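Structure first, commentary second.
What follows draws every value from the coordinates through simple rules; no lab data is involved. For clarity, every value in this text was computed on a predicted model and none was experimentally measured.
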Amino acid sequence: MKYALDTDILTYYLKGYEKIVEKVDNEAEDNNIIIPPFVYFEIKKWLCENNAVRKLQALEKLITKYGIDPIEKESLDLTESVYYML
C-alpha cells in the first residue's frame, strides 16, 4: 500500500513531530511514501514565502528520497516562479 502525504502531515514532518517522522520513515523503508505534486507545490510556496531555508532543504531531500515525478516537479517549479511574477 502506498501512502500519499497530505499538506498537514508533510508540514508536521518538516517541523519534526516525532510520531509523524517515525511513521513516515518506517513506511518509507518499504517505499510506501509518495508526495503528490500539488502538496509539494503548496508546501514549497509556503516555505518560500516564510524564507524557511532549512525546511526548504529538508523538503528537497524528501522529494529526492520519496519521489515526485521530475517532469511534474519542474513544471511546479516553473509554475511557482510564474506565480511570484504576478
#### Entry: For residue 34, residues with placed amide H under 5 Å, excluding near neighbours
3, 4, 5
## Note on the structure
Length gained if residue 56 through residue 7 is fully extended, taking 0.36 nm per residue and subtracting the Cα-Cα distance, is 16.2 nm
### Query
How large is ³J(HN,Hα) for each residue in region 32-38, as worked out from phi by the Karplus curve 6.51 cos²θ - 1.76 cosθ + 1.60 (θ = phi - 60°), to whole Hz, x for Gly and Pro?
9, 10, 10, 10, x, x, 5
#### Entry: ³J(HN,Hα) computed for each position of region 18-30 - Karplus, 6.51 cos²θ - 1.76 cosθ + 1.60, integer Hz, glycine/proline x
3, 4, 5, 4, 4, 5, 5, 5, 5, 5, 5, 4, 9
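Which pairs, out of 2/23; 44/73; 23/61; 23/73, put more than 20 Å between their alpha-carbon atoms?
In this structure, 23/73 lie more than 20 Å apart at Cα.
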